[in-house]
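Let me begin by presenting the structure, written as structure tokens, before commenting on it.
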Amino acid sequence: MMLPIIWFVLWGVLWAVYFMLDGFDLGLGTLMPFLAKDESDRRVIHRAMGPFWDGNEVWLITAGGVTFAAFPTTYAVMFSGLYSALMLILFALILRGVSLAFRGEVDDPRWRRLWDTGLFLGSFLPALLFGVAFANLFKGLPIDAEGIFQGNLLTLLNPYGLAGGLLFVLLFLHHGSLWLAVKTRGDLHRRAAHLAAKIWPWLTGMAVIFLLASRRWTTLFDNYADQPVLLLIPLVAVAALITVRAFIKRAQWWKAWFASSLTIVGITLFGVVGLFPDLLKSSLNPAYSLTAYNSSSSPLTLKIMLGVALTFVPLVIAYQVWVYFLFKGKVSPEDLAREEGY
């Protein structure tokens, strides 16, 4: 019975890492229309995310692949019942990638404005919809005994789901503004730093609201009541969020960004640990829920996959560490000499 638990933990960790890494890209794309005053600012923002965004999305593919291979029944129900919502996320992410690639292909302000709009939509919509989706996973979905979703896209837009969406948007906006403060100088840096300080109290307030709403509309706290040691996870998230504010006041931007990363990981794992062992909780009847046990692959499949994961995930981590080290410096005028964004 340990293999399903191991893969449930890996599933949650992979989603947390994805939100931590791609979160600042989604935040930057959403913020660009509001932070960039001219073409130079827009190109700097492109450069700040350019070397990283496609590598960050590897973790989304990995998290989706784990769902497919380790929990195929959950994957099947999720992609049939939540097809519309998941396709919206997929198309938005495609739009983001296309916008980044096509923006510099034609030297025309109207062309660039078109793809800047695409970048905004391709960043804001996934941030919102991922939050809505995970909040609904925590709350429970109307899934019947046959695994059929008894609802539609509007079913997901309930108050708790929208609270999760708003929380994710604020998390990523804050994360992105901190990243821009890390990567820039001058007036754009000052605007990004000021915005990070302004977003923090709104993010903190929304986190408190979401925590209270989780107490009201979910059973996430049951696992924490049974195993109080698990409370370390939300406590770390709270401590990291408070620490972000302290680092912002000291203008220690790398430390603030790492603390923000820990906040995102802590908030994600708070929900995942509270959800265990459910992957898709049924709001119609708990007996209809898909769990790490009744929706997992065979033990042999899980063993083989574990060996593959232990071999290749460290290679992915090593590659990404190298990329972040290689491009750790601030965006310079020389970086803007080329038109393409990455």
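Scan segment 307-334 residue by residue and report those that are assigned to a helix (DSSP H, G or I), touching a residue at least 60 places away in the same chain (Cβ under 8 Å) and not hydroxyl-bearing (Ser, Thr, Tyr). Don't jump to the end; show me each part of the working.
From segment 307-334, those assigned to a helix (DSSP H, G or I) are 307-326, 333-334; that's our starting set.
Adding the requirement that they be touching a residue at least 60 places away in the same chain (Cβ under 8 Å) leaves 309, 313, 316, 319-320, 323-324, 326.
The answer is Ala309, Val313, Val316, Gln320, Val323, Leu326.
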Determine if segment 44-54 includes at least one residue that is part of a helix (DSSP H, G or I), hydrophobic (A, V, I, L, M, F, W, C) and more than 23 Å from His194 (Cα to Cα). yes
Give me the residue from segment 248-306 that is assigned to a loop (DSSP other than H, G, I, E, B) and without any contact (Cβ under 8 Å) to a residue 24 or more places away in the chain and, out of that set, farthest from the chain's Cα centre (by Cα). Ser298
Every residue from segment 131-171 that is part of a helix (DSSP H, G or I) and not aliphatic (A, V, I, L, M): Gly131, Phe134, Asn136, Phe138, Lys139, Thr155, Pro159, Tyr160, Gly161, Gly164, Gly165, Phe168
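With Ala181, Ala127, Ala193 as the choices, which residue is crowded, with 22+ Cβ neighbours inside 10 Å, out of contact with any His (no Cβ under 8 Å at 6 or more places or on another chain) and at negative phi? Lay out the reasoning, then the answer.
On the way: Ala181 fails: out of contact with any His (no Cβ under 8 Å at 6 or more places or on another chain); Ala193 fails: crowded, with 22+ Cβ neighbours inside 10 Å.
Checking each option against the conditions leaves just Ala127.
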Using beta carbons and a limit of 7 Å, which pairs, at least six apart or on different chains, have the first residue in segment 134-157 and over 16 Å from Ala76 (Cα atoms) and touching a residue at least 60 places away in the same chain (Cβ under 8 Å) and the second one part of a loop (DSSP other than H, G, I, E, B) and basic (Lys, Arg)? Gly140/Lys281
Would you check which residues across segment 77-87 are surrounded by fewer than 18 Cβ atoms within 10 Å (Cβ to Cβ) and at pLDDT below 90 and list them? Phe79, Ser80, Tyr83, Ser84, Leu86
Of the numbered conditions (1) out of contact with any Ser or Thr (no Cβ under 8 Å at 6 or more places or on another chain); (2) crowded, with 21+ Cβ neighbours inside 10 Å, Gly50 satisfies every one except a single condition; which is it? (2)
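Taking Leu28, is it assigned to a helix (DSSP H, G or I), at pLDDT 90 or above and either surrounded by fewer than 21 Cβ atoms within 10 Å (Cβ to Cβ) or in contact with a Gly (Cβ under 9 Å, 6 or more places away or on another chain) (or both)?
Details: assigned to a helix (DSSP H, G or I): yes; at pLDDT 90 or above: yes; either surrounded by fewer than 21 Cβ atoms within 10 Å (Cβ to Cβ) or in contact with a Gly (Cβ under 9 Å, 6 or more places away or on another chain) (or both): yes.
So Leu28 fits the description; yes.
The values are calculated or read from the model by the stated rules, or taken from the named source; none is laboratory data. All values reported here derive from a predicted model rather than from experimental measurement. Methodologically, a virtual Cβ is constructed for each residue, glycine included, from the backbone with ideal geometry; neighbour enumeration extends over all protein chains shown.
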